[in-house]
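Undergrad: Following this message is one structure expressed as structure tokens.
The values are calculated or read from the model by the stated rules, or taken from the named source; none is laboratory data. Everything quoted here is computed from the prediction, not taken from an experiment. Positions of Cβ are generated from backbone atoms using ideal geometry, with glycine treated the same way; all protein chains shown enter the neighbour counts.
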Amino acid sequence: MKTKSIRLKISILFTIFLGVILVFFSIYPILKIQKILEKEQRDALLSKAQLIDKYLNIEWLVSSKGRAPLQLFGRLFNVQSANGKPGVIQLLRNDIQSLGLSKDIYRIRNDKDIDLLHSSNFISEAERKFNIKFTKTDNTPNFFYVKIKGIKYCGINYPFILSNRNGLILQLAMPIAYAQGIFYNMILSFSEGLVIILFFGVFMAKYLTDQVLKPVEEITKTAKNISQSNLNSRILIHRYDKEMEDLAEAFNQMIGRLESSFAYINEFNSMVSHEMKTPLAIIKGELEMALEADYPKEKNKRIMQGVLDEVYRLIKTIKDMLLLAEYEYKLGILNMEKMDIVPLLQEIFEHSKVLAEDKEINMGIVLPQGQVWIEGDATHLRRVFFNLINNAVKFTPEGGEIDILTEIHDAHVAVSIKDSGIGIPAENQARIFEKFYRGNPAKQKKIEGSGLGLSIARAITQAHRGTITFESTVNKGTTFKVCLPLLPQ
């Protein structure tokens, strides 16, 4: 079954990883010690064989010169010879016995593969296995392992020459139960230690996992407590490591965006209800009046025309509100491309002169020489400048002036719309970009508009990574400046 718990997964992986490391670092010393024990066993065998070789040659030279090897072996080893005749202990017998051969199995063969001597425990099984391991070498000892009666032995084939005349081979095997005991006890100790460490490792993994996942649990707890009416909860970032701080910061930023979104939705709903209330009330009143009273056809027609005008204004307001929402949330409605802003401004100027004709406003334009490249959406930039020019025409008296001025700076182009209109009072300037704000209603009652034009212009400009600012003096005019980043040359 597939587990979905990160805590369990991390604990299992930590335990497995710890176990692999412990096994690796346990096997290495065990194998190393095994090799050391094997080397000590072989060194001990080689030492015994060399001492036997030495004692035999000394006995041969000192006390038994000319004596047959068979008799010499009997004297030294006091063991059953190959022909069954007992020997007599002489000279070096005590030295031979000091080698500790009582538990060893050995035999001596001549160059004709005839056994001259063997130990008393040299049974048929030992003879068969010694024959298998028996090799003739050029004065080079070699080692072997055999198992006799369930006991494992380490053996050596040791060639030697007795008094430069008799080429002999000593096969000597010693039990390795003691070394095996050390080795097996070591494996048992390492295994017990491994189990104990892994046991505590599970609790350590759980503790570490709890510490690592503690911020995640707090994020989860905070997320569960978040609702539409409670979007001000945040996670304290400074208490965690960098990675968890990044996660907590990303979560806080997400909550901030949600809070802004809900605030915008609430604001949007409030604005919709406020702006829809008046035209809907007008429509409702006029329709009720038309239904209840018996008006002449002409008056009913005027009423219907008034209702239709309110519907048109209502539709325009709704469209502007939806458009503003799209700009502010940058939903990919802009088709950004490389463009020259000079022809766009010239086109806008030509169309704007038509708007200014009815009020006999003088229009002027100042454009730079050559091309001015920016990255933008021509359709939406046209909306920005037409909104600003349309406002300038609305608030400029007859015979006034409106100028379009263009300036090139190091990293941006500045397009200014300057008028000689009524200006904006100082107390209203801070709210000029607010949605639906139109200044003093008494002064603006004859000027049409939804109060969204400047909000839309600012949203489009910001979507182009630009800025929009203004300067205004009452009864002298207003200048709006739109700054857009230039493309690198």
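Undergrad: Return yes or no: is Q90 touching a Phe, Trp or Tyr at 6+ places or on another chain (Cβ under 8 Å) and either among the polar types (S, T, N, Q) or at pLDDT below 55 (or both)? Talk me through it step by step, then tell me what you get.
TA: On the way: touching a Phe, Trp or Tyr at 6+ places or on another chain (Cβ under 8 Å): no; either among the polar types (S, T, N, Q) or at pLDDT below 55 (or both): yes.
Taking the combined requirement at face value, the residue does not satisfy it.
Undergrad: Condition check: closer than 16 Å to V342 by Cβ and either free of Cβ contacts under 8 Å to residues at least 40 places away in the same chain or assigned to a helix (DSSP H, G or I) (or both). Does S416 satisfy that?
TA: Values: closer than 16 Å to V342 by Cβ: yes; either free of Cβ contacts under 8 Å to residues at least 40 places away in the same chain or assigned to a helix (DSSP H, G or I) (or both): no.
Spelling it out, it is not the case that S416 is closer than 16 Å to V342 by Cβ and either free of Cβ contacts under 8 Å to residues at least 40 places away in the same chain or assigned to a helix (DSSP H, G or I) (or both).
Undergrad: Of all residues in the stretch 334-383, count the ones that are within 20 Å of G453 (Cα to Cα), among the aliphatic types (A, V, I, L, M) and not in a helix (DSSP H, G or I).
TA: Looking only at that region, the number is 1.
Undergrad: Also, quick follow-up: Filter the stretch 217-247 down to residues that are within 18 Å of the chain's Cα centre (by Cα) and under 19 Å from R7 (Cα atoms) and give me whichever is modelled with the lowest pLDDT. Let's see the steps before the verdict.
TA: The first filter runs over the stretch 217-247 and keeps only residues within 18 Å of the chain's Cα centre (by Cα), leaving 240-247.
Subsequent filtering for residues that are under 19 Å from R7 (Cα atoms) retains 240-241, 243-244, 247.
On the way: Y240: 64, D241: 70, E243: 73, M244: 73, L247: 77.
My answer is Y240.
Undergrad: Another question, then. For the list (1) without any contact (Cβ under 8 Å) to a residue 40 or more places away in the chain; (2) within 30 Å of Q489 (Cα to Cα); (3) out of contact with any Phe, Trp or Tyr (no Cβ under 8 Å at 6 or more places or on another chain), I need the number of the one condition that T379 fails.
TA: (1)
Undergrad: Right, another one. Counting just the residues of the stretch 365-386 that are over 15 Å from H412 (Cα atoms), surrounded by fewer than 17 Cβ atoms within 10 Å (Cβ to Cβ) and touching a strand residue (DSSP E or B) at 6+ places or on another chain (Cβ under 8 Å), which one comes out modelled with the lowest pLDDT?
TA: A378
The rows are residues; the columns are (1) aliphatic (A, V, I, L, M); (2) surrounded by 16 or more Cβ atoms within 10 Å (Cβ to Cβ).
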{"residue": "P159", "(1), (2)": "no, yes"}
{"residue": "L170", "(1), (2)": "yes, yes"}
{"residue": "G181", "(1), (2)": "no, no"}
{"residue": "F200", "(1), (2)": "no, no"}
{"residue": "T220", "(1), (2)": "no, no"}
{"residue": "N230", "(1), (2)": "no, no"}
{"residue": "M244", "(1), (2)": "yes, yes"}
{"residue": "Q253", "(1), (2)": "no, no"}
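Undergrad: Given the conditions (1) of a type in the set (D, E); (2) at pLDDT 85 or above; (3) closer than 18 Å to T396 by Cβ, and given that E448 satisfies all but one, which numbered condition is not satisfied?
TA: (2)
Undergrad: Has the stretch 395-408 got any residue that is touching a strand residue (DSSP E or B) at 6+ places or on another chain (Cβ under 6 Å), crowded, with 16+ Cβ neighbours inside 10 Å and part of a loop (DSSP other than H, G, I, E, B)?
TA: yes
Undergrad: Right, something else. Would you point out the residue of the stretch 171-204, among those that are touching a residue at least 24 places away in the same chain (Cβ under 8 Å) and of a type in the set (V, I, T), that is nearest to I10 (Cα to Cα)?
TA: V202
Undergrad: Looking at (1) touching an Asp or Glu at 6+ places or on another chain (Cβ under 8 Å); (2) within 21 Å of K338 (Cβ to Cβ), which is the only condition F395 fails?
TA: All conditions are met except number (2).
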